[in-house]
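Below: one structure, written as structure tokens.
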Amino acid sequence: IPELALAKPEWFGICVVTKDGQIFEVGDCDKLFTIQSISKAFVFGLALEDHGREYVNSKVSVEPTGEAFNAIILDEVTNRPYNPMVNAGAIATADLIKGKNGTERLKRLLEMFKRYTGRDHDINMPVFLSEKETGYRNRAMAYLMLNFGMVSDKIDETLDLYFQQCSILVNAKDLAMLSATLANGGVNPVTQERAIAEEYVQDVVSVMLTCGMYDASGEWCYRVGIPAKSGVGGGITAVVPGKLGIGTFSPPLDAKGNSVRGIKVCEDISKDFGLHLFNVAQSKRDLQQWIDGGAGVDDW
């Protein structure tokens, strides 16, 4: 996505939002950037609300894949994309969003994100147009899935919706609010507005844990152990169920498309506060004391 090359590598923000609405932030937490693949987790949740678990699963599987996020590959047995966190699966998920036309479908997506973050969101038009003009692989995926009946014939409308959802502008605080809402059972901890039906929170968070960090998801689960979703815009959103949400922003990416500093931040927070889902040891540090002690982006 050529437009993303304009990001400055020194941008860096970290935000934590607890389930009771406390907000802690350091660095460039108000700097706007495009949400990119992080949107996939939340659009998956809306598709579940629109159609239910079984129908969505008939179009998109939930199996991790060792392939790159933009691989043109489907399950050889079922012809479904492997999961909603890779591009093929996200296109199939976007195709499921209800609405009489593209405008209404996009409006529903933007309203959904507002429920999660508590504010209105704009779309970065240069990024959207950049993605649309260079999205040949995504078009190939869409037509391949059309051949197997995994998506409708509204290919151009669905692809535009997908490119637009990836171009929504957010900041690190928004990412923390997204995850804090999931951590709070689908209710925004500040506005108290429900963003997603409680019965589908588990679905979204589960797939984030197993598939959310592209083809580094296994390593992430092993070292960090927190459900998360990354995006090539430099963001990571991470959910600690029943406790808090973490949002990080730093544009430099590793070879698999994940923010280098963001990974380090989440790994350290998970280790220092015993947040790994399978941790049985007592945390050695208190989050409030860590923040009060002056923790900042320079720590990473």
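The values are calculated or read from the model by the stated rules, or taken from the named source; none is laboratory data. What you see is a predicted model; the values in this text were computed from it and never measured. Positions of Cβ are generated from backbone atoms using ideal geometry, with glycine treated the same way; all protein chains shown enter the neighbour counts. For accessibility, only protein heavy atoms count, side chains too; no ligands or nucleic acids. Shrake-Rupley method; radii C 1.70, N 1.55, O 1.52, S 1.80 Å.
Pairing each residue of the stretch 1-27 that is over 17 Å from Asn171 (Cβ atoms) with any residue that is of a type in the set (Gly, Ala, Ser), provided the two are 6+ apart or on different chains, yields C-beta distances under 6 Å for Ile1/Ser130; Pro2/Ser130; Glu3/Ser130; Lys19/Ala183. Scanning the stretch 110-128 for residues that are over 21 Å from the mean Cα position of the chain (by Cα), of a type outside the set (Asp, Glu), within 23 Å of Lys229 (Cα to Cα) and part of a helix (DSSP H, G or I) turns up nothing. Taking the criterion of being open to solvent by 10 Å² or more (accessible area, probe 1.4 Å), in contact (Cβ under 8 Å) with a residue 40 or more places away in the chain and more than 18 Å from Ala41 (Cβ to Cβ), the residues of the stretch 150-175 that qualify are Met150, Val151, Ser152, Lys154, Glu157, Asp160.
Within the stretch 15-40, restricting attention to residues that are in a strand (DSSP E or B) and open to solvent by 20 Å² or more (accessible area, probe 1.4 Å), which residue is farthest from Gln192 (Cα to Cα)?
Gly27
Each residue in the stretch 113-136 was checked for being in contact with a helix residue (DSSP H, G or I) (Cβ under 7 Å, 6 or more places away or on another chain), closer than 15 Å to Val43 by Cβ and surrounded by fewer than 21 Cβ atoms within 10 Å (Cβ to Cβ), and 2 pass.
Here Ser259 meets the list (1) surrounded by fewer than 20 Cβ atoms within 10 Å (Cβ to Cβ); (2) of a type outside the set (Val, Ile, Thr); (3) touching a Pro at 6+ places or on another chain (Cβ under 8 Å); (4) under 25 Å from His121 (Cα atoms) almost entirely, failing just condition (1). In the set Ala216, Ala197, only one residue is surrounded by fewer than 24 Cβ atoms within 10 Å (Cβ to Cβ) and at pLDDT below 95; that residue is Ala216.
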